[in-house]
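The structure appears right after this line, and notes come after that.
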Amino acid sequence: MKTNRRNAVTFIISIVGLVSTLITARATLGQTRTAILQGQVVQATVLKLRSVRPKPLHTTITPKVRADVLVVKFREGTRVRERLGLLEADLTNISPAEEQLLQRANLPRQRLFEDLAQINTVVAPNSKRFVKRLFVRTEAELDAEKREGENRSGEELADLNLYHRIFIADANPRETEQLLDQLNALDSVEIAYPQPISQPAQADAAPTTPDFSGSQGYLLSAAGPTSTTNGIDAAFARLFPGGRGAGVKIIDIEQGWNLTHEDLPPVFFQGGPNRGDSGPWNHGTAVLGELAAAENGYGITGIAPQSRIGVSSAVDRTCILGICWWSDDFENAVNRATAQLGFGDIMVIEQHALGPDSGLAVDSNCNPDQFEFVAMEFWDSYFDAIKNATSRGIIVVEAAGNGRMDLDSSVYNGKFNRSVRDSGAILVGGGTSGGRAPKCWTNFGSRVDLQGWGENVMTLGATGDSPSHPAIKVNGNDYNQWYTTAFSGTSSATPIVAGAAADLQGFRKARGLGPVTSVEMRNFLRSTGVAQAADSRQIGPLPNLRTAINAHQPKRTLKVTFLNIKVVDNVFAGPQSLAFNFSVNSSSASTGTMSFPQGVAVNLPANFTLTAQEILSDGITVFVSTNLRSVFSFNPKTGAITSVWSRPVHVLRSFPQGMDFSGGSPVLGGGYRQFTDRSTDASGYFEVTYRVSEVWYPVFAQ
């Protein structure tokens, strides 16, 4: 059988990648476009366009990147996929939307075919180059997550299936540079770059372990006029249901953990290899301890001890034809975690990597080994993996890095400029434990949102073990009973912010409030936190859970009394036997089945009332729903049901905070306003009449 070259192209590819930057394109959220599909007119929301930045003209392989592990992403709409070690671009059934993406990239099909033929010529002769999909979860799962994220966020997301990773045996840096330049010169390649080198941004067994929680100063009250402490006030959060992180899942992204430590709960998820050398083990164990160490009377207590914790490894061991690589696998670590977390859950990113040359001098007295390290979202595949998570409602808390860099610098090409692109993550800098001043090594800038303690953190493991800060080894070499007072860096700062987010999210869930998104949590913790010490280097405030929780005190309580409902059914004459569901914010009730004659208002039971509170900037939302009688179609010969037309109808109305419901009454709590709302289904509708009034609680003099 001959293959029609116009319909499908199969090609082998080996590639390397460098940092990208993209052309900004903007669209107004909320716009709609009309499409005709199979004879039906469909209104579709226009998504905010994804930015695509210019590619480098030349890539230089430096000690900061790998010459043997490369990343390549193809243009949106090209449908490039790996099949049995080869890459294919099958355009036989390309959709109109994908065709538009190719047109937007000014990429005719013929040019795509020519590019792929050129890639085959460059790569095929080299048998020591191997290509694999970068994201290992199924194509269908990634496609479904992309659709969900776009629907939630109103923004275009990258097709993660278009990312691939290339492994090169016996890599020659100069040959890798040449290959990169050739790939980035092709219109079908969105970006190709070398993989960066990343690092971590740093029942009781016998004998009995002491209680070290008194050394966890970050749990104490926030700084204030009458306070001598500088914590996030996790102790205050624990006074409230949910304030220990109950109902919230957290996954830590790094390289290794000691999951058998005596003070850790079992993990609900473990993905990827657990790197066993002491550095990653101690680092990951320290992070988990800050977050969720058990509240058991010994050792320490985590900020969110009732949260559920999981881990996802950012490294991978790949072997092809007997040739093996240890490589960073950050994208899959994030993507695996995304699949395990739900709306409002939390992902913690504890990695940072060497960024571009800053032109600055190294300070030998300020963490010189991690000079110029920056946050992971700088690299495109990392950014897209994070953006995919936040677009699905997951809160991502990310270490800003310990490189002493100003992230607003032009050397980063606007990649940390939120007006250019925004991953939605919360970036965390490192501050002093006593005064919230930026540590000398912390990255800083307008993109850094919040700070945590960057020094003197009491937690699990032996990280930071030194003569000046020796680890506490309760039972000698038994690492299951090791503790430290010297965890530091944006690594120690990030779980403090993540723990605060978990406690606040748990508190909101316990109050019946909806979970907040990553951007909403970012803004709220910033607005309620304790300001950083005066310094030109922005690292943001330290979270203050007392202020954040007190901000949730209700502004007022409102009472909604439902009076009557009238039903008009344009299909069945009635009377109708229907049950109605009612909700006002998180309060809900149901009538049970009642009879509704056609077009006649039927009184509801007396005092059929729900109450709700105005909290933060929210007012109240009234929702009433039912299902009108379904319409069945039958086969006239067999009598079998051939189709069912379900007819759900509802009323939804929101009232802004502070709206006057007094009805002009001069008496406190004596007035009300009455409303009648109608559902909008053309085949039938209902009208509901209700009153809204303010609830006043009188205070009597003693």
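Panel order for Val584, Val530, by other beta carbons found within 10 Å of each beta carbon, from fewest to most: Val530, Val584. Projecting the Cα atoms of Val267, Thr226, Ser492 onto the dipole axis of the chain, where Lys and Arg carry +1 and Asp and Glu carry -1 at the beta carbon, places Val267 farthest toward the positive end. Evaluating 6.51 cos²θ - 1.76 cosθ + 1.60 at θ = phi - 60° for every residue in the range 409-418, the Karplus couplings come out as 4, 5, 5, 9, 6, x, 6, 9, 9, 5 Hz, glycine and proline recorded as x.
Put a plus charge on the Cβ of each Lys and Arg, a minus charge on the Cβ of each Asp and Glu, and nothing anywhere else: the dipole of the chain about its Cα centre is then about 2100 debye.
Helical runs assigned H by DSSP (4 residues or longer) give the chain a calculated mean residue ellipticity at 222 nm of -6000 deg cm²/dmol, each run adding -39500 (n - 2.57) before division by the residue total. Taking the charge dipole of the chain about its Cα centre, with +1 at Lys and Arg Cβ atoms and -1 at Asp and Glu Cβ atoms, the residue from Pro656, Val428, Gly77 reaching farthest to the positive side is Pro656. In this structure the amide hydrogen of Ala222, modeled in the peptide plane, comes within under 5 Å of the amide hydrogens of Gly231, Asp233, none closer than 5 places in sequence on its chain. Note on the chain: dipole from Cβ charges, positive end direction compared against His352, Ile394, Gly452; the farthest Cα belongs to Ile394. Residues Val560, Val411, Val248, ranked from the fewest to the most other C-beta atoms within 10 Å, line up as Val411, Val560, Val248. Cross-link reach is defined here as a Cα-Cα straight distance under 15 Å, omitting same-chain residues fewer than 8 places apart; for Lys559 the aspartates and glutamates meeting it are Glu614, Asp660, Glu694.
Looking at this model, which pairs from Lys73/Lys132; Lys64/Lys415; Lys48/Lys415; Lys55/Lys387; Lys249/Lys555; Lys64/Lys146 are more than 22 angstrom apart at the alpha-carbon? Checking Cα-Cα distances, Lys249/Lys555; Lys64/Lys146 exceed 22 Å.
None of the figures in this text is laboratory data; all of them are computed from the coordinates on show. Worth saying up front: this structure is predicted, and the values here are computed from it rather than measured. Because the Cβ atoms are built from the backbone with ideal geometry, glycine has one as well, and the counts that use them run over all protein chains shown.
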